[in-house]
1. Scan region 124-137 and tell me whether some residue there is aromatic (Phe, Trp, Tyr), more than 13 Å from the ligand (Cβ to nearest atom) and out of contact with any helix residue (DSSP H, G or I) (no Cβ under 6 Å at 6 or more places or on another chain).
2. Do we have GLY63 as away from the ligand (no atom under 13 Å from the Cβ), out of contact with any His (no Cβ under 7 Å at 6 or more places or on another chain) and touching a residue at least 40 places away in the same chain (Cβ under 8 Å) here?
3. Which ones in region 125-175 are open to solvent by 70 Å² or more (accessible area, probe 1.4 Å), modelled with pLDDT under 95 and under 15 Å from GLU98 (Cβ atoms)?
4. So which pairs qualify, if the first residue must be in region 68-94 and more than 22 Å from ASP35 (Cα to Cα), the second must be in a loop (DSSP other than H, G, I, E, B) and open to solvent by 40 Å² or more (accessible area, probe 1.4 Å), the Cβ gap must be under 8 Å, and the two must be at least 6 apart or on different chains?
5. Hey, among the residues in region 150-174 that are out of contact with any Pro (no Cβ under 9 Å at 6 or more places or on another chain) and aliphatic (A, V, I, L, M), which one's farthest from ARG13 (Cα to Cα)?
6. Just checking, does region 62-69 include any residue being of a type in the set (Lys, Arg), over 25 Å from GLU16 (Cα atoms) and either within 14 Å of the chain's Cα centre (by Cα) or in a strand (DSSP E or B) (or both)?
7. Filter region 42-61 down to the residues that are open to solvent by 40 Å² or more (accessible area, probe 1.4 Å) and not in a loop (DSSP other than H, G, I, E, B), then identify the one that is nearest to LEU81 (Cα to Cα).
8. Give region 70-90 a look and list any residue that's on the phi > 0 side of the Ramachandran plot and in a strand (DSSP E or B), or say none.
Amino acid sequence: MAIRDVLRMGDPRLLEVSAPVTSFGTPQLKQLIADMLDTMQHLSGAGLAAPQIGIPLRVVMFGVAHNPRYPDAEDVPFTVLINPVLTPVGEMLQEGWEGCLSVPGMRGLVPRWLELRYSGKDPDGNPIERSARDFHARVVQHEVDHLDGILYPRRIRDLTKFGFTPELFPGEDLPDD
Ligand code: NI
């Protein structure tokens with residue numbers, strides 16, 4: 001297990017479309033997931049996608065339990081999701097603030113589907129199927145976007161709602177990474 005460097009916006013590897021995982025339960029996949037978990041926890045991230053550590057595979061993880069980066073967020077169960085498929089439920093979009101370990105120090109207001117279903121596999125190849133809404137749905141959409149080479153700033157509609165965390169939220173003492 002190891003803490004890996006997280007690629008930052010501007011690195012062309014973050015713009016690639018990642019490939020599906022074809023073998024489950026392998027030592028290589030377990031190693032990747034262990035490294036992602038170490039890295040995400042070290043940086044207090046709400047989620048991480050494999051391409052953020054330079055591995056172009058469709059693997060994401062997310063989970064929120066009193067995360068200091070998102071002090072008002074509801075808990076999201078820790079999940080490793082492989083080859084994810086998202087299906088919006090309804091047509092409602094919701095704007096919400098997001099940050100990203102690949103865009104350190106910044107936040108932006110991003111529209112996302114309010115509610116969706118997601119499916120995929122766990123690390124052993126067992127199916128995952130869930131419904132999610134609000135922050136849980138937002139985190140999943142943000143992470144899956146990474147697999148298609150999309151960073152959240154590209155989704156911002158009003159670029160006056162994009163900036164450095166301490167300037168956007170003075171006095172709130174949010175972590176600035
Ligand atoms: Ni991100």
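The values are calculated or read from the model by the stated rules, or taken from the named source; none is laboratory data. If you're wondering where the values come from, they're calculated on a predicted model, not measured in any experiment. Cβ atoms come from the backbone with ideal geometry, glycine included; neighbour counts cover every protein chain shown. To get the accessible areas, we keep the full protein, side chains included, count just its heavy atoms, and leave off ligands, DNA and RNA. Shrake-Rupley method; radii C 1.70, N 1.55, O 1.52, S 1.80 Å.
1. Yes - at least one qualifying residue is present in region 124-137.
2. Numbers: away from the ligand (no atom under 13 Å from the Cβ): yes; out of contact with any His (no Cβ under 7 Å at 6 or more places or on another chain): yes; touching a residue at least 40 places away in the same chain (Cβ under 8 Å): no.
The answer is no for GLY63.
3. Answer for region 125-175, where residues must be open to solvent by 70 Å² or more (accessible area, probe 1.4 Å), modelled with pLDDT under 95 and under 15 Å from GLU98 (Cβ atoms): there is none.
4. Cβ pairs passing all conditions: ASP75/ALA65; ASP75/HIS66.
5. Here the residue is LEU168.
6. Here is the first cut: in region 62-69, the residues of a type in the set (Lys, Arg) are 69.
From the residues that got through so far, the ones that are over 25 Å from GLU16 (Cα atoms) too are 69.
With the extra rule that they be either within 14 Å of the chain's Cα centre (by Cα) or in a strand (DSSP E or B) (or both), the set shrinks to 69.
Checked region 62-69: at least one residue is of a type in the set (Lys, Arg), over 25 Å from GLU16 (Cα atoms) and either within 14 Å of the chain's Cα centre (by Cα) or in a strand (DSSP E or B) (or both).
7. Just the residues of region 42-61 that are open to solvent by 40 Å² or more (accessible area, probe 1.4 Å), to begin with: 42-44, 55-57.
Keeping just the survivors that are not in a loop (DSSP other than H, G, I, E, B) gives 42, 57.
On the way: HIS42: 20, LEU57: 11 Å.
So, considering only residues that are open to solvent by 40 Å² or more (accessible area, probe 1.4 Å) and not in a loop (DSSP other than H, G, I, E, B), the one nearest to LEU81 (Cα to Cα) is LEU57.
8. Applying the first criterion (on the phi > 0 side of the Ramachandran plot) to region 70-90 yields 83, 90.
Result: ASN83, single match.
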